[in-house]
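Heads up, the thing below is written out as C-alpha cells.
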Amino acid sequence: MSGAGLRIGGVLAGIAGLIGFSVLAGILVTAMVVPSIAVTSSVASGAVDVFDNLPDYIKIGTQSQRNVLYGLKGGQQVQFAQVYDQNREEVKWDEVSPFAKDALVAAEDVRFYDHGGVDIAGIARAAVNNLTGKALQGASSIEQQLVKQLAIQDAIATIKNKDKLAAAIKAAQANTLDRKLKEAKLAIGLEKRYTKHQILLAYLNIAGFGGNTYGIQAAAQQYYSTTAKDLTLAQAASLVAIVQAPSLRNPGSPDNWERNKSRRDAILGNMLSVKSITQAQYIEAVATPVNATTVKISPASNGCSYATAAKSFCDYVLKNVKNFTSLGETAKDRLAAWKKGGYSVYTTIDLDQEATAEAVLAARTPATESRFKLGSAVSTVQVGTGRIISMAQNKTFDDTGTGDTSTTAVNFNTDQEYGGSSGFATGSTYKLFTLINWLQNGHGLQEYVDANIKTYSSFPAKCASGGRYGIPGGYTPKNDSGVSEGTMNVLTATQRSVNDAFIDMASKLDLCDIRDVATAMGVHNANNKPLDYGPAAILGTNTPSPLAMAGAYATVSNHGKLCQPIAVDKFVGPDGKELPGQAQSCTQVISPEVAAAAAYDLQGPLQPGGTGAVANPRDGTPLIGKTGTAEALQSYMCAASSQTATAMWIGNIVGQQNMRRISVGGILASNIRTYAMKPILASLDASAVYGKGTAFPAPSGTLLRGATQNVPNVAGQSVAAAKSLIQSLGLTFAQGGTVASEFPAGTVASTSPGAGAVVGRGQTITVNVSDGSLAAPAPAPPTQDPGKKDGGGGKG
C-alpha cells in the first residue's frame with residue numbers, strides 16, 4: 001500500500017476510533033455524574049439507564065495454578081513434581097519485586113492510582129492520538145484489562161468445546177461498544193470491592209507471559225530462573241514487556257530478544273519519566289542485553305515425565321485424582337478442582353527408598369537391554385497402613401511421545417486403569433492363596449502331601465457346573481525338577497516351591513474358594529478380567545499388578561488385615577487450608593491365626609535351602625516371602641517384614657524370551673529377582689522410618705499339625721491287616737508295587753509316607769509289598785556228635 005493509502009487508512013481508523021471513544025466517554029461521563037446533575041436529554045438518559053443496568057460485580061478469585069507433589073527425602077518433605085493446566089503460581093503482594101509493580105503501571109496505566117477504574121482522560125487522549133495518526137492507541141485501564149483477562153480465564157475453565165471456547169475468547173476481546181461498556185462497568189465495580197494493590201497483584205498473577213506461562217512468578221522462573229520477588233529492574237521490565245504481545249516478545253525464543261528489549265527500554269523510559277526509577281537505574285537497566293547471557297530458561301517441568309523422581313508414581317497419583325474425596329463430592333468435581341490447581345499434595349512416597357529401588361533395577365535390569373524386551377517393576381507398601389513407599393521400574397516413565405526404547409508411558413506396577421499395564425503372570429507367588437485356604441480348612445503345615453507327578457481329571461469347584469472343574473484329557477502338572485518328588489510336608493513344599501504338592505493340596509480343597517481367598521486379599525487381574533480359578537491358576541497364571549501382590553503379602557504380615565493402597569497423606573488447598581488425604585482402609589480378611597501360620601510357613605523360602613534365600617540380607621529382620629516363575633517368561637518375588645511388603649516382577653514386556661536361557665549382567669535372567677530384591681530389603685530394614693520390624697507370631701499347634709494322624713508302622717503285617725488299620729485311622733489305602741525287602745514275601749515292606757509321618761485326613765498311604773529277597777536265611781538245624789549214641793550212657 002502507498003504512503004498516501006496508509007495515511008488515509010490512519011485517518012479513517014482515527015475517525016472511527018474517535019467516534020467509538022467519544023460515545024464511550026460520553027456515556028461514562030454522563031453516568032458518573034448522575035444524579036449530581038439533571039439529565040434532560042432522552043438519549044443521554046437512555047444511555048445512563050443502559051449503563052446502570054449492566055452488571056457491576058466481578059470476583060477476582062484464584063486462577064488456575066500449579067499442583068505440586070511432595071515426597072519424603074532425608075526426613076523432610078521435598079517437591080518432586082508439578083502438574084498444571086496453566087503454569088501459574090499465585091504470589092502475595094510482598095512476594096513481588098517493586099520493580100515489577102512499577103513497570104506494569106508505567107507500561108499499561110500511568111494514571112492507575114488516580115482514576116476510579118476507568119481512565120476518562122486516557123480515553124480522550126487515545127481518541128485524539130488515533131485521529132491525528134500519532135499511533136493507534138488503546139485506553140484500557142489495568143482494571144479493564146483485568147476484567148477482560150478474568151472473562152478469558154473463566155471461559156477456559158468452564159468451556160470444553162474448542163470452537164465454543166475460541167468464540168468466547170474472541171467475544172471477551174471484541175472491540176465493540178457494548179463490550180467496552182460492560183468492561184468499564186465491571187472495572188468500576190472492581191474499584192468498589194478491591195484495593196489498588198489487590199487489583200494490581202491480581203493482574204500480575206493472571207497475565208499471560210507466553211505459551212502456557214501465566215503470572216509474574218511463573219514468568220520469572222521460566223525466563224530468568226528466579227522468583228518474582230528477586231527480579232531486577234531490567235528483568236521486571238522485560239517481563240512486563242511481554243503481556244501485550246506474548247508470542248512476539250517472550251524471551252523464550254532468540255527471535256524475540258530484539259522486540260523484547262525494544263519494548264522493555266520503552267517501559268524503562270516511562271518509569272524514568274514518572275520518577276519510579278532514577279537516572280542511574282535507568283542507564284544500568286537499558287545497558288543490560290536481552291540475550292543468552294541474561295535469559296536463563298528453566299527446563300520443562302510440567303507433568304510426571306519431567307518429575308525429578310518417582311515419575312511412574314506421580315502418574316499413579318494423577319490417575320487417582322478422580323478418587324480423592326477431599327477435592328470434591330463427585331469425580332467430575334475433583335477433576336475440575338485439580339484442573340484449577342493450587343494444591344500441595346503430600347504423598348506417601350519415600351524418595352530415598354524410591355531412589356534405591358530405581359538404582360537397583362537400572363543396574364540389574366537395564367532399560368537398554370536390546371536382545372529382548374526386558375521389563376521390571378517393584379512396589380513396596382507399609383504394613384498396617386497401605387501407604388505406598390516406593391513404585392519403581394526399569395523403563396523411565398515418559399508420556400510425552402518423544403521417548404526412546406528405554407522409556408515407556410506404561411506404569412508396570414499398577415492396574416490398566418491406573419497405568420496402562422495388563423499385568424504379568426505371578427508364578428508360584430500365587431501359591432499363597434492355596435496355602436491360606438489349606439489352613440482355613442483346618443489342615444496343618446506338618447501334614448504330608450503328594451508331590452508326585454500324576455494326572456487329574458477334575459477338581460472340587462462349587463462355582464463350576466456340577467460342583468467340579470472337569471478337565472477333558474486330564475491335567476498333568478510338572479514339578480520344576482521335572483520328576484516326581486515323593487511325599488513331603490507343607491513346610492518343605494513351600495520352602496522348595498514344589499508344584500505338584502500344591503496341586504495335591506488344591507485337590508483336597510475347592511478351586512473357587514482359593515480364588516475367593518485371592519480376591520479377599522486384594523488380588524485381581526490388572527486388566528480387570530475375572531480371576532481364573534482353574535487348577536493352572538494355582539501355579540500363578542493370573543496377572544495381577546505388583547502393587548496388588550505387595551498388598552496381599554502385607555496382609556499376612558498385618559495379622560490378616562488387608563489395607564488398600566494409598567498414595568496421598570494430605571493436601572493443602574489454594575487457600576492454605578489442610579485437607580485430608582486418602583483415608584486408610586484396612587479390613588480383616590483372614591483370621592490372625594491363619595495369618596500367623598502362613599507367616600511361619602513363608603519364612604522357609606528365605607532361609608537356606610529356600611528358593612528365595614539369596615534375597616535375604618541377613619540383617620536380623622524376620623522375613624516372609626515367595627518366589628515365582630511363569631512358563632520361564634516372567635519371574636516374581638514377594639517379601640515382607642512386619643513393617644513393609646514388597647513385590648517385584650522381572651520378565652518379558654512383550655515376546656517369548658525364555659528367562660532361563662539368557663543371562664543379564666552375568667546372572668540368569670530368571671534368577672535376577674533375588675539379587676535385585678536383597679539390596680531393596682536391606683535398605684528398607686536399615687531405614688529409620690521403617691526399621692527391622694519384629695518377629696512374626698508363632699502358629700497355633702492346631703494349624704501346625706492340622707487334623708492330622710501319624711502314619712502307623714505296618715511293616716511285616718499282612719496287606720489285609722495293614723489296609724484295615726490304615727482305613728480305621730481315616731486314611732486312604734493304596735497298594736503299591738513289590739519291592740525288595742527283608743520282610744517275608746507278601747507282607748508289607750514299607751509305606752509312603754513312611755511310618756510316623758504326620759498326614760492329613762484322607763491322605764493316601766501307599767503300601768509297598770515285600771518280595772522277601774532281602775530276608776536273612778533261616779538258621780541251620782543242630783547236628784549230632786558222631787562219637788555218641790543216642791540214649792547211651794553208662795560205663796564201658
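The values are calculated or read from the model by the stated rules, or taken from the named source; none is laboratory data. If you're wondering where the values come from, they're calculated on a predicted model, not measured in any experiment. Don't worry about glycine lacking a Cβ; one is built from the backbone with ideal geometry, like all the others, and counts go over all protein chains shown. Ligands, DNA and RNA are stripped out before the accessible areas are found, and what is left, the full protein with its side chains, is counted by its heavy atoms. Shrake-Rupley method; radii C 1.70, N 1.55, O 1.52, S 1.80 Å.
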- Message: For residue 697, only one of the following conditions fails: (1) part of a loop (DSSP other than H, G, I, E, B); (2) modelled with pLDDT of 90 or more; (3) open to solvent by 30 Å² or more (accessible area, probe 1.4 Å); (4) more than 25 Å from residue 612 (Cα to Cα). What is its number?
- Response: (4)
- How do the pairs read when you match residues in the stretch 300-313 that are touching a residue at least 12 places away in the same chain (Cβ under 8 Å) with residues anywhere that are open to solvent by 30 Å² or more (accessible area, probe 1.4 Å), using Cβ under 6 Å and keeping only pairs 6 or more apart or on different chains? 302/84; 304/311; 305/398; 305/399; 305/400; 306/300
- Kindly list the number of the only condition in (1) buried (at least 16 other Cβ atoms within 10 Å of the Cβ); (2) under 36 Å from the mean Cα position of the chain (by Cα); (3) modelled with pLDDT of 95 or more that fails for residue 152. (3)
- Query: If we scan the stretch 450-473, do we find a residue that is closer than 22 Å to residue 567 by Cα, open to solvent by less than 20 Å² (accessible area, probe 1.4 Å) and in contact (Cβ under 8 Å) with a residue 40 or more places away in the chain?
  - Reply: no
- By residue number, the members of the stretch 196-222 that are out of contact with any helix residue (DSSP H, G or I) (no Cβ under 7 Å at 6 or more places or on another chain) and farther than 17 Å from residue 341 by Cβ are 196, 198
- Would the stretch 734-746 turn up any residue that is under 18 Å from residue 488 (Cβ atoms) and modelled with pLDDT of 90 or more? yes
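Residue by residue, here is whether (1) open to solvent by less than 40 Å² (accessible area, probe 1.4 Å); (2) modelled with pLDDT under 95; (3) under 26 Å from the mean Cα position of the chain (by Cα) holds:
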| position | (1), (2), (3) |
| --- | --- |
| 484 | no, no, no |
| 494 | yes, no, no |
| 505 | yes, no, no |
| 518 | yes, no, yes |
| 522 | yes, no, yes |
| 535 | yes, no, no |
| 550 | yes, no, yes |
| 572 | yes, no, yes |
- Task: Would you please name the residue that is surrounded by the most Cβ atoms within 10 Å (Cβ to Cβ), looking only at residues in the stretch 597-624 that are over 30 Å from the mean Cα position of the chain (by Cα) and on the phi < 0 side of the Ramachandran plot?
- Result: 597
- Message: Looking only at strands (runs of 3 or more DSSP E) that lie completely in the stretch 544-632, which have at least 2 residues being in contact (Cβ under 8 Å) with a residue 60 or more places away in the chain and touching a helix residue (DSSP H, G or I) at 6+ places or on another chain (Cβ under 9 Å)?
- Response: 561-563, 568-572, 578-580, 624-630
- What pairs can you find where one residue is in the stretch 66-90 and open to solvent by 60 Å² or more (accessible area, probe 1.4 Å), the other is among the hydroxyl-bearing types (Ser, Thr, Tyr), and their Cβ atoms are less than 9 Å apart, with a gap of 6+ or different chains? 77/70; 77/346; 79/70; 79/308; 79/344; 85/64
- Number of the condition not met by residue 292 [criteria: (1) small (Gly, Ala, Ser); (2) closer than 30 Å to residue 546 by Cα; (3) part of a loop (DSSP other than H, G, I, E, B)]: (2)
- Message: Looking only at residues that are of a type in the set (Val, Ile, Thr) and open to solvent by 20 Å² or more (accessible area, probe 1.4 Å) in the stretch 157-214, which one is nearest to residue 115 (Cα to Cα)?
- Response: 188
- Checked 652, 658 against criteria (touching a residue at least 24 places away in the same chain (Cβ under 8 Å), touching a strand residue (DSSP E or B) at 6+ places or on another chain (Cβ under 7 Å), farther than 28 Å from residue 347 by Cα and of a type in the set (S, T, N, Q)); the one match is 652
- Among strands (runs of 3 or more DSSP E) entirely inside the stretch 418-493, those with 2 or more residues being among the small types (Gly, Ala, Ser) are 456-460, 468-475
- Item | Failed criterion for residue 180 (all others in (1) more than 14 Å from residue 96 (Cβ to Cβ); (2) modelled with pLDDT of 95 or more hold) | (2)
- Across the stretch 645-666, which residue is nearest to residue 410 (Cα to Cα) among those that are touching a Phe, Trp or Tyr at 6+ places or on another chain (Cβ under 6 Å) and among the hydrophobic types (A, V, I, L, M, F, W, C)? 649
- Task: Of the conditions (1) within 24 Å of residue 549 (Cβ to Cβ); (2) more than 26 Å from the chain's Cα centre (by Cα); (3) not polar (S, T, N, Q), residue 742 clears all except one; give me its number.
- Result: (1)
- Item | Residues of the stretch 266-281 satisfying the condition of being touching a Phe, Trp or Tyr at 6+ places or on another chain (Cβ under 9 Å) and crowded, with 18+ Cβ neighbours inside 10 Å | 268, 271, 272, 276, 277
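Going by what's in this entry, would residue 229 be described as modelled with pLDDT of 95 or more and open to solvent by 30 Å² or more (accessible area, probe 1.4 Å)?
The answer is yes for residue 229.
The rows are residues; the columns are (1) under 21 Å from the mean Cα position of the chain (by Cα); (2) crowded, with 21+ Cβ neighbours inside 10 Å; (3) small (Gly, Ala, Ser).
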position: 639; (1), (2), (3): yes, yes, yes
position: 646; (1), (2), (3): yes, yes, no
position: 660; (1), (2), (3): no, no, no
position: 667; (1), (2), (3): no, no, no
position: 680; (1), (2), (3): yes, yes, no
- Message: Quick check on this structure: which one of 311, 261, 319 is of a type in the set (Lys, Arg) and surrounded by fewer than 21 Cβ atoms within 10 Å (Cβ to Cβ)?
- Response: 319
- Considering the stretch 724-776 alone, what residues qualify as being free of Cβ contacts under 8 Å to residues at least 60 places away in the same chain, within 22 Å of residue 507 (Cα to Cα) and assigned to a strand (DSSP E or B)? 732, 733, 734, 735, 736, 751, 765, 766, 767
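So that you can scan it fast, the table gives a plain yes or no per residue for (1) touching a residue at least 60 places away in the same chain (Cβ under 8 Å); (2) closer than 30 Å to residue 573 by Cβ; (3) assigned to a helix (DSSP H, G or I):
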site: 247; (1), (2), (3): no, no, yes
site: 262; (1), (2), (3): no, no, yes
site: 280; (1), (2), (3): no, no, yes
site: 288; (1), (2), (3): no, no, no
site: 298; (1), (2), (3): yes, yes, no
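Being open to solvent by less than 70 Å² (accessible area, probe 1.4 Å) and either aliphatic (A, V, I, L, M) or part of a helix (DSSP H, G or I) (or both) is the filter here, so list the residues in the stretch 705-723 that pass it.
707, 711, 714, 715, 719, 721, 722
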- Note on the structure: (1) open to solvent by less than 50 Å² (accessible area, probe 1.4 Å); (2) under 23 Å from residue 428 (Cα atoms) all hold for residue 656 apart from (1)
